[in-house]
Amino acid sequence: MDRCSREDSMTTRVQTSVIVPLFNEAQTVGALVEAVRAAMSQGPEWELILVDDGSGDDTAVAAAQACARYPDHVRLVRLARNYGQTAALQAGFDEAGGAIVVSMDGDLQNDPADVPALLAKLDEGYDLVVGYRVRRRDRLLTRRIPSWIANRIIQRITGVRIRDNGCSLKAYRRELLERVRLYSDMHRFIPAIAAGAAGARIAEIPVRHHPRRFGTSKYGLSRIGAVLADLLVVKMVRSFRDRPLALFSVGALLALAAAAVFGAAGTVSILAMRRGEGVTLVFPAAALMFVGLSVYLLFLGLIAELAVREQLSRPGIRGPLLHGEIG
Amino acid sequence: MRHGSESDRALEGETVASSGTGPWVSVIVPVTERPEPLVGLYWEYAAALQTAGYRFEFLFVTDPAYRAMTEPLAALVKAGEPIRVYTVGQSSSDGALLTAAIGECRAPVVVTLPSYRRVTAEGIPQLIRRVSEGADLAVARRWPRQDSLLNRLQTSAFHALLRWLTHSTIEDIACGVRAARREVLAEVPMHGDFYRFLPLVAQRDGYRVEQVDVAQHPAERRTRLYGPGTYLRRLIDVLGLAFLLRFTQKPLRFFGLIGSAACLAGSSVLFVLFVQRLQGRPLADRPLLLLGMLFLVLGVQFIALGLIGEIIVHLHSPGWRPYRIREGGVPAAAA
């Protein structure tokens, strides 16, 4: 309610929006704004949107000072509490006015000087350009090795060949962002989601990586379980959003196969039974259990189908991106 | 602070039914469960607001079952007291009554009051003051407690459970006496019994929620006991709330955790049986096989349910924003 509309502060038409989520980065904000300005001032009309993700330090004050210095180009959006990087990114996307949106980290480990190269690559006809960090300047054991493993797993499961999913420096076309919504902790899988949900054309370029100058890293090793669950979701949603019944039918068939195995074993054991012995019901019971699972999965698939049909047939749901020839 | 002054300016032109010149307050009283005589309730709380210098209006909302309780208020309305009485069409929860009434409130600050006296009337201005000092929602905590030992035990057991499951920092969630900016009550969902947990939901949505100690009303000294159904309902409410607060955006993390635990248990049982089978022990007379299978089947079912949840969340994601903005757009807004 006390938000000002974009037109109030930005008089000219913005073409490129740079968005930077900030969480406790009071010391870096000033330098960051200067660096972005230096990188962008040669190009077309730009804006920088600083998203303060509920920082506990003076980030908002420092960011507001930067806004006051360059009121035509820099804007601050403060979230009501700390929502996490995904929500902060989505907030930036929603606020951005440019036809092209660039995202980067607020800790200056990304170099804003790489942005023009990103934009040039995007101009070649891509929907998403992702940076990959050459000569990473992070700790080997706790950051680089886990990140290498994670990238291999993500590549393997999603089928999208991206070298560095952890690099925040990316450039997007607006048409792509209109088809993608981030929630939970999905920011790690933007390339996979973009490819899956919208059929985006993705390119990678090498970008610089600086050691952290101020503050501490906000990521560690503790998130593996959550990342794996999210990965499963991305994969599922991507492959089966349009036909969930197919996914559940596969499960139902597997259960049915297990039921058949146990049914056969049960038949054999009953046939082989000699007179006077009690009948063992273990195998037939196991078979019935799997029949039950099979039916259950099938019905669940129908429910999923119902939900998907209901939702996707609504007006306003965007189809995949249309591509012309790459020039 | 900013909100209060803005709204006051905006409201100056409107006609105000009550006397007094201070800030303006709407008081909503949902009339359900164990209502006390409402005329006495009105005089008691209205007097305190009057003394504190507030202009105010009272909105009594009720459903058909308790309609008779509000009839004595008609005389007060006729006498020109700032009272409005609403009846909703069907039997409804407190939350539904509040949601219905919030649109009728005209003041920028809204106080919700149960239809029985929980805190002394002097506590209400304290809450309102906290809201005008910048809180989005001020929640009364009855302190010091004057009720019976049994009730105090009930309360602390309930809050221990709540703290454990939701990491709540609110120490008297059931009190129901709250003051808020009107927008907050209009935006935070209150469906079903969740009205009770409004402060926790508001906190999740990034609103500034503050707790204020106010004196407990002497009327609450007598011991209150409820039927077993009430306790069961509260328990289910808390479990549902804990799930919704933590996993609304990621149901698979919840179902997946339980499901993989069940799958793990099932497959370890089956593995042991398999090894023993290799050692020559026949499988057909091992009932343990069924237990292993059962765990496995349950695990798969949980995970499948989690996937359904994820599909639903994903399908709804285009419609909502996963964040709330405090301020933005204006350069130097925070300076």
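Brief remarks follow.
- Residue match in segment B:298-314 (condition: in a loop (DSSP other than H, G, I, E, B), more than 7 Å from every other protein chain (Cβ to nearest Cβ) and at pLDDT 85 or above): no
- Any hit, segment B:79-86, residues being surrounded by 19 or more Cβ atoms within 10 Å (Cβ to Cβ), closer than 11 Å to B:Val31 by Cβ and at pLDDT below 90: no
- Segment B:195-205: number of residues that are under 14 Å from B:Pro30 (Cβ atoms) and either in contact with a helix residue (DSSP H, G or I) (Cβ under 7 Å, 6 or more places away or on another chain) or modelled with pLDDT under 90 (or both): 2
- B:Thr230 fulfils the conditions (1) surrounded by 14 or more Cβ atoms within 10 Å (Cβ to Cβ); (2) under 23 Å from the mean Cα position of the chain (by Cα); (3) β-branched (Val, Ile, Thr) except for a single criterion, (1).
- Test: residue in segment A:55-77 that is closer than 29 Å to B:Gln249 by Cβ and basic (Lys, Arg): yes
- When segment A:1-24 is limited to residues that are at the interface with chain B (Cβ under 9 Å from one of its Cβ atoms) and within 28 Å of the chain's Cα centre (by Cα), the one that is modelled with the highest pLDDT turns out to be A:Arg6.
- Segment B:195-227: number of residues that are more than 15 Å from B:Ile170 (Cα to Cα), surrounded by 15 or more Cβ atoms within 10 Å (Cβ to Cβ) and free of Cβ contacts under 8 Å to residues at least 40 places away in the same chain: 0
- 3 or more residues within 23 Å of B:Ala215 (Cα to Cα) and in contact with a strand residue (DSSP E or B) (Cβ under 7 Å, 6 or more places away or on another chain): qualifying helices (runs of 4 or more DSSP H) within segment B:54-133: B:123-132
- Hits in segment A:32-85 (condition: facing chain B (nearest Cβ under 9 Å) and part of a strand (DSSP E or B)): A:Ile49, A:Val51, A:Asp52, A:Val74, A:Arg75, A:Leu76, A:Val77, A:Arg78, A:Leu79
- Test: residue in segment B:28-35 that is over 24 Å from the mean Cα position of the chain (by Cα) and either surrounded by fewer than 19 Cβ atoms within 10 Å (Cβ to Cβ) or not assigned by TED's automatic domain parsing to the domain that holds B:Arg130 (or both): no
- Yes/no for B:Pro322 being more than 23 Å from A:Gly292 (Cβ to Cβ), within 7 Å of chain A (Cβ to nearest Cβ) and either in contact with a Phe, Trp or Tyr (Cβ under 8 Å, 6 or more places away or on another chain) or surrounded by fewer than 17 Cβ atoms within 10 Å (Cβ to Cβ) (or both): yes
- Failed condition for A:His187, given (1) in contact (Cβ under 8 Å) with a residue 60 or more places away in the chain; (2) outside any helix (DSSP H, G or I); (3) within 14 Å of chain B (Cβ to nearest Cβ): (2)
The values are calculated or read from the model by the stated rules, or taken from the named source; none is laboratory data. All values reported here derive from a predicted model rather than from experimental measurement. Glycine gets a Cβ as well: all are built from the backbone with ideal geometry, and neighbour counts include every protein chain shown.
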